[in-house]
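The values are calculated or read from the model by the stated rules, or taken from the named source; none is laboratory data. All figures in this text were calculated on a predicted structure; none of them were measured in a lab. We place every Cβ from the backbone using ideal geometry, glycine too, and count neighbours over all the protein chains shown. Heads up: the accessible areas ignore ligands, DNA and RNA and are worked out on the full protein's heavy atoms, side chains in. Shrake-Rupley method; radii C 1.70, N 1.55, O 1.52, S 1.80 Å.
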Amino acid sequence: MIARVVKALLFDVQGTATDFHSTVCDEARRISAGRHPDTDWPDVVRAWRAGYFTALEEARSRHSGWVPVQSVYRRALDTVLDERGIALSVAERDDLTGAWRRLKPWPDAVPGLTRLKGAYTLATLSNADVSAVIEISKRAGLPWDAVFAAEMAGVFKPEPAIYRMAATYLGLEPAEIMMVASHKYDIRAAAGLGFRTAFVARPLEFGVDGEADVAYSDEFDVNASDFLDLATQLGC
């Protein structure tokens, strides 16, 4: 059985362990303080997230070295706000960018991880900056044993080096590690290197009107509805 072979679980953080969409939407409404009543903040946040991914892909294609993720989010925010004519001050834009460091966990995250922690080593593998992952985790009470992030490898997921870096630090073979994510590109990249995989469906990752890929697939070792379901399937 897979559960007998796997010794550690690596988790994506933004989207898989935490609900970035509702958190950032709530922060946008707080910071804007009702000054933009016609703004569709859920749409803005979705566009912001898409702009972030575009910027990361451009950085990867240029091979231009490490770029702090916080600065990527800030530039993407400026683009989205300026395109929509949403006037926020520099301080307000900085505050809103910081919302990505204050993400709230999905309701199942802490209880699910707590169950898993009894049988497995739990660690993050995130594209967020190390300091951001630490802040998110402390605020949310996420019980990791270790924090790994793209910054430590100098490349972003799905570059192979970040997965290999985590395996090296854990002192385990890829087959002894399971990558857990709601983003299929992430776990597919890990699978290509010999890692076990778990897909966790997050239908509300992009909000009620968002389009999240939640289809289960036999290509993954485990398909789960949340972290509690994952814990059950892994015998915890």
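For the reader, a short list of remarks on this structure follows.
- On full extension, the segment bounded by residue 58 and residue 130 gains 23.8 nm, given 0.36 nm per residue less the C-alpha separation.
- Accessible area (Å², per residue) of the chain, counting only protein heavy atoms and a probe of 1.4 Å: 43 Å²
- 18 Å reach of a label modelled at residue 89, 7 Å along Cα-to-Cβ, counting backbone N of segment 26-53: 28-36
- Within the accessible surface of the chain, defined with a 1.4 Å probe on protein heavy atoms only, the carbon and sulfur portion equals 53 percent.
- Placing R0 at 22 angstrom, the Cβ-Cβ distance between residue 39 and residue 204 gives a FRET efficiency of 0.60 after rounding to 0.05.
- The accessible area of residue 168, taken with all protein chains in place and a 1.4 Å probe, comes to roughly 110 Å².
- Exposure ranking of 173, 219 by accessible area [1.4 Å probe, largest first]: 173, 219
- Using C-alpha pairs under 8 Å with a sequence gap of at least 6, the mean separation divided by the residue count of segment 116-236 gives a relative contact order of 17 percent.
- Once the Cβ-Cβ distance of residue 161 and residue 30 is raised to the sixth power relative to R0 = 35 Å, the FRET efficiency obtained is 0.40.
- Helix-only [θ]222 nm of the chain, DSSP H runs n ≥ 4, -39500 (n - 2.57) each, per residue, nearest 500: -14000 deg cm²/dmol
- Placing a pseudo-label 7 Å from each Cα along the Cα-to-Cβ vector at residue 232 and residue 117 gives an inter-label distance of 2.2 nm.
- Among the trypsin sites (Lys or Arg not before Pro) found in segment 31-93, those both in a DSSP coil and sparsely packed, with 16 or fewer other Cβ atoms within 10 Å of their Cβ, are 35.
- Long-range amide H partners of residue 145 with built H, under 5 Å: 122, 123
- Exposure ranking of 169, 52 by accessible area [1.4 Å probe, largest first]: 169, 52
- Under 18 Å from the Cα of residue 104 - lysines, other chains or at least 8 residues apart: 138
- Between residue 110 and residue 212, full extension at 0.36 nm per residue minus the direct alpha carbon distance yields a gain of 34.5 nm.
- Gyration tensor verdict on segment 117-236 (Cα atoms; rounded if a/c is under 1.5, prolate if a/b is larger than b/c, oblate otherwise): rounded
- Taking the chain and dividing mean pair separation by its residue count, relative contact order in percent (alpha carbons under 8 Å, at least six apart): 25 percent
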